[in-house]
1. Tell me the angle of helix 203-221 to the major Cα principal axis of the chain, expressed in degrees between 0 and 90 and rounded to the nearest ten.
2. When DSSP beta bridges are limited to those with both residues in region 1-176, what percentage is antiparallel, rounded to the nearest 5?
3. Taking only Cα atoms, what is the 0 to 90° angle, nearest 10, from helix 385-402's long axis to the longest principal axis of the chain?
4. Rounded, prolate or oblate: which fits region 528-600, taking a ≥ b ≥ c as square roots of the Cα gyration tensor eigenvalues, rounded meaning a/c under 1.5, else prolate when a/b beats b/c?
5. With a/c under 1.5 counting as rounded, go ahead and sort region 124-235 into rounded, prolate or oblate using the C-alpha gyration tensor (a ≥ b ≥ c being the square roots of the eigenvalues; past the cut-off, prolate if a/b is larger than b/c, else oblate).
6. So for 172, 246, fewest C-beta neighbours within 10 Å to most, what's the order?
7. Rounded to whole Å, give me the distance from the Cα center of region 66-118 to that of region 219-259.
8. For the chain, what relative contact order do you get, as a whole percent, if you take Cα pairs closer than 8 Å and at least 6 residues apart?
């Protein structure tokens with residue numbers, strides 16, 4: 001028995017997809033048939049309640065109209081004894097992100113978790129889906145782009161697709177519209193880059209650079225690649241940035257500033273971010289889409305799936321995404337050091353690093369990391385950012401104890417070989433045990449500190465092992481993200497962040513122990529004046545510097561519409577800003593251009 005879907009953008013102006021789900025040769029049994037829509041999407045660890053977007057649903061059982069019974073927010077139950085069931089429903093799609101579904105007259109995008117119901121107990125059945133073209137005349141030139149396996153499709157991509165089961169169906173997002181497309185091969189595997197939205201860029205350069213990234217990563221884990229083809233689905237928007245990994249594709253969102261300028265061969269910060277994003281999501285092809293936590297095998301898409309391993313799957317990937325840009329020759333040492341230093345700076349400025357362990361950050365992703373508030377910097381740490389630093393420290397430790405005979409590369413490659421042999425998910429402490437096995441030494445002390453305590457990582461020693469010197473300096477402006485050795489003048493900071501893009505000085509985050517907290521200020525307060533002189537986001541830094549010799553100033557501010565006054569200390573910004581320099585080139589090159597990165 002197979003499951004068959006038909007999906008069509010029936011009303012792009014109203015952002016509505018219509019889906020028909022057909023089940024034949026049913027043996028419904030006493031309990032009847034239950035259809036569900038997932039409550040979250042793998043790779044984005046938050047309950048999103050996709051069923052809220054189902055706006056209508058009708059059903060035919062054995063050719064007759066039947067009424068389902070709602071069991072819970074995302075479940076519909078149908079009568080027992082049916083031999084065939086056909087359900088037609090409409091889904092509202094107006095979430096412009098990589099996680100859900102979006103539809104208008106310009107394009108259509110969806111993840112299967114947002115639009116495809118599944119029958120409980122039948123998730124392993126083979127699946128077919130017919131993607132029909134929109135009827136609206138404005139969409140007549142649309143094409144389809146997806147990594148889903150085609151069965152009988154037209155030249156424009158509309159038609160019939162197939163999947164081995166429901167899990168495979170929802171792991172291939174679909175983009176519809178008028179595209180800009182570029183293609184390349186990496187280690188013999190066809191790759192496509194699909195740009196949705198108007199662009200003017202150097203497509204040949206994009207293809208050449210992505211080819212280098214993809215070939216390096218395939219070689220890193222070892223041929224053959226685990227997919228027959230791969231698709232980068234890139235939405236180019238006015239504002240926004242992000243990515244979500246899938247088994248043979250990734251959905252990306254960038255701005256036009258992230259694409260290379262024709263005729264300019266340099267890699268500016270925008271294009272560097274795009275390459276790093278592509279590298280990150282492509283690395284996930286191995287690390288989380290195949291190698292994954294045992295807690296995710298299989299996924300339970302109706303509730304939270306807890307694991308303490310996100311530090312490994314996202315942190316390890318965040319460590320390698322930029323490192324492999326350096327190793328494959330797209331960026332130089334200085335550029336890579338700047339990226340590492342910026343991550344160190346971000347984590348150093350997060351008081352939550354001394355409160356929450358990186359394994360607890362992984363476990364709490366569902367209700368803390370993905371639901372951040374004004375106090376989050378004081379209470380949590382990113383398993384992406386700190387996870388990458390743990391990975392770097394682990395790499396340095398393995399190299400130091402083995403005289404570079406065992407590295408983090410060997411750990412990743414060993415885990416990949418284990419997965420190829422078993423197909424099993426990682427147990428919660430398996431990366432630790434495999435690392436110790438490769439090294440031939442007990443590593444409990446390292447992992448206890450790095451993973452299960454909120455103590456500071458010894459980044460200076462780790463980087464010295466890798467031939468690099470870590471230096472600290474004062475931040476030089478509110479926008480100073482680190483990475484460079486800036487020797488400009490003093491900067492004074494109030495211990496709070498200001499909402500960006502606004503002329504008013506409205507506080508977004510107040511940091512534990514800082515001057516703003518000591519003065520009784522809180523997130524949401526709008527500062528109006530210092531010493532009776534008006535301030536705004538443009539002159540705040542200058543005003544603090546002007547009054548620095550006073551040590552303390554009177555501040556007027558609004559809270560909840562009420563004018564208040566407090567005394568605020570003016571303090572020199574602390575040395576929380578990192579920059580790196582090469583200290584030992586021989587050691588550095590063993591790390592940055594490591595011949596052991598290719599498996600034996």
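1. Once rounded, one gets 90 degrees.
2. Expressed as a percentage, antiparallel bridges in region 1-176 total about 90.
3. 80
4. Values: a/c = 5.05, a/b = 3.10, b/c = 1.63.
Note, shape of region 528-600 comes out prolate.
5. Details: a/c = 2.67, a/b = 1.18, b/c = 2.26.
It comes out oblate by the Cα gyration axes.
6. On the way: 172 21, 246 27.
Going from least to most buried by this count: 172, 246.
7. Using only Cα atoms to place each centre, the spacing works out to 25 Å.
8. Details: 1271 pairs, mean separation 61.1, N = 600.
This gives 10 percent for the chain.
Bear in mind these aren't lab numbers, they're just calculated from the coordinates by the rules spelled out. Just so we're clear, the structure is a prediction, and the values are computed from it rather than from any experiment. All Cβ positions, even for glycine, are placed from backbone atoms using ideal geometry, and neighbour counts span all protein chains on display.
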